[in-house]
Every structure is written in structure tokens, then in C-alpha cells.
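Inspection log for the structure reproduced underneath, given as C-alpha cells.
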Amino acid sequence: MTEHVDMRQDIEEVLFSEEQISQIVARIGQEISRDYAGKNLLLVSVLKGSVVFMADLMRAITIPARIDFMATSSYGSGVKSSGVVRILKDLDLELKGYDILIVEDILDSGKTLQYLTRLLQSRGPASIRICTLFDKPERREVEVFPTYVGARIPDAFIVGYGLDYDEKYRNLPFVGILKPAVYA
């Protein structure tokens with residue numbers, strides 16, 4: 001029988017509590033509802049990390065919106081982006097006429113979002129913008145400019161609220177810095 005260990009012991013510091021995240025999501029939802037009123041909004045979640053954020057965000061949006069999902073791979077089990085983006089699951093909807101809002105959990109190097117933005121733009125949507133829960137601007141390697149940012153964060157490895165390390169910690173209800181000893 002395996003031992004059950006509390007994941008919280010692997011967290012060095014909590015950056016955002018459940019309540020703080022809820023307030024951030026509510027604010028972004030209000031901004032999106034205002035900015036996209038009367039438009040044909042399609043929220044595109046980049047799996048797996050953004051699924052928790054997407055679920056809460058779509059409930060905070062008060063205007064009609066459709067959703068779709070993409071899955072990409074660029075990390076593997078490491079902590080640094082490989083720079084190579086693979087599409088593991090593509091969108092189900094045609095994009096013509098939609099105002100696309102890519103919903104991402106974290107924006108760091110920007111490579112994945114730059115690639116996705118170019119790919120989706122080639123499919124003829126009315127517009128494309130980016131919404132990220134967390135932004136690490138000092139890690140940016142390419143020019144990517146999110147329209148909606150929940151919070152800027154330090155250059156630390158964070159987990160929780162959908163963010164993972166080696167597919168673990170996504171189910172933590174808060175966002176915290178992972179102790180370096182866990183991934184060293």
C-alpha cells in the first residue's frame with residue numbers, strides 16, 4: 001500500500017490563496033464581458049494547465065461565449081520549455097467569424113502562445129487576443145502581448161490551480177512556489 005503524502009509540504013510559499021484567485025478571475029471575467037459585448041466570443045483553453053482557470057473564468061463571463069480546447073506539448077517532465085510546440089489535440093470548431101480569446105494558465109517564454117496565435121490567425125478568425133492567469137515577463141523570449149493578465153509573478157516554479165510539475169499538484173486550490181528540492 002502506498003503512503004499518502006500531503007502535497008502542501010512540497011510548497012515553499014503560497015503566492016495566491018483561493019480567495020485571491022477568485023477575485024482575479026472575477027475581475028478578468030468582468031473585463032472580458034465588457035470588451036466582448038456584442039461579439040462572437042470563442043474561448044480557447046490550452047490544456048491541461050488552463051482547465052481550472054477556464055472553468056472558473058467562463059462562469060465569471062456574463063455574455064454568450066463558446067468554448068473549445070487545444071492540447072499542446074512543449075515541456076515534457078522538466079521545468080524549462082523545450083521550445084518545440086506539438087499540437088496534441090486541435091480545435092473542433094471552424095474559426096471564421098469568431099473573436100478568439102486564448103485562455104492560458106501561465107505565460108513565460110511566450111513560444112507556445114506565439115506559435116498558437118500564428119496558427120489560429122491563419123484560420124481566419126475576426127480577432128485573436130490572449131488571456132493569461134499569470135505572466136512572467138522576465139522569462140519572455142519572443143514578443144507576445146496578453147490583453148488580460150491576472151497577475152505578474154516572480155521567476156519561480158509555481159504549481160496549483162491547474163499548474164503542475166510532472167502532472168502533479170494541479171489539484172491544489174491555491175498557487176504556490178514549489179520547493180526546489182522537489183524538482184532538482
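A few points about this structure:
- Full extension of the chain segment joining ILE87 with ARG140 gains 17.0 nm, where the gain is 0.36 nm per residue of separation less the Cα-Cα distance.
- Taking region 145-159 and a reference point 7 angstrom along Cα→Cβ of GLN20, the backbone N atoms nearer than 19 Å belong to 149-159.
- About its Cα centre, the dipole of the chain is roughly 600 debye, where the only charges are +1 on Lys and Arg Cβ and -1 on Asp and Glu Cβ.
- Ligands, DNA and RNA aside, VAL14 has an accessible area near 80 Å² when probed at 1.4 Å.
- Summary of the geometry: region 139-184 and region 1-68, compared by the centres of their Cα atoms, lie 13 Å apart.
- Binned Cα-Cα distances of region 109-184, short to long, each 5 Å bin given as a whole percent: 3, 13, 19, 21, 19, 13, 7, 2, 1, 0
- Cα-based shape type of region 39-168, given that a ≥ b ≥ c are square roots of the gyration tensor eigenvalues and the cut on a/c is 1.5: prolate
- For region 1-57, the average shadow cast by the Cα convex hull is 6.0 nm², which is a quarter of the hull's surface.
- For the chain, built as a Gaussian network whose Cα springs stay under 10 Å, the top-fluctuating residue of VAL84, VAL159, VAL52: VAL84
- Of the GluC sites (Glu not before Pro) found in region 1-74, those in coil by DSSP whose Cβ has at most 11 other Cβ atoms within 10 Å are GLU3.
The values are calculated or read from the model by the stated rules, or taken from the named source; none is laboratory data. Just so it is clear, the structure is predicted and the values come from calculations on it, not from any experiment. Because the Cβ atoms are built from the backbone with ideal geometry, glycine has one as well, and the counts that use them run over all protein chains shown. Calculation scope for accessible area: heavy atoms of the full protein, side chains included, ligands and nucleic acids excluded. Shrake-Rupley method; radii C 1.70, N 1.55, O 1.52, S 1.80 Å.
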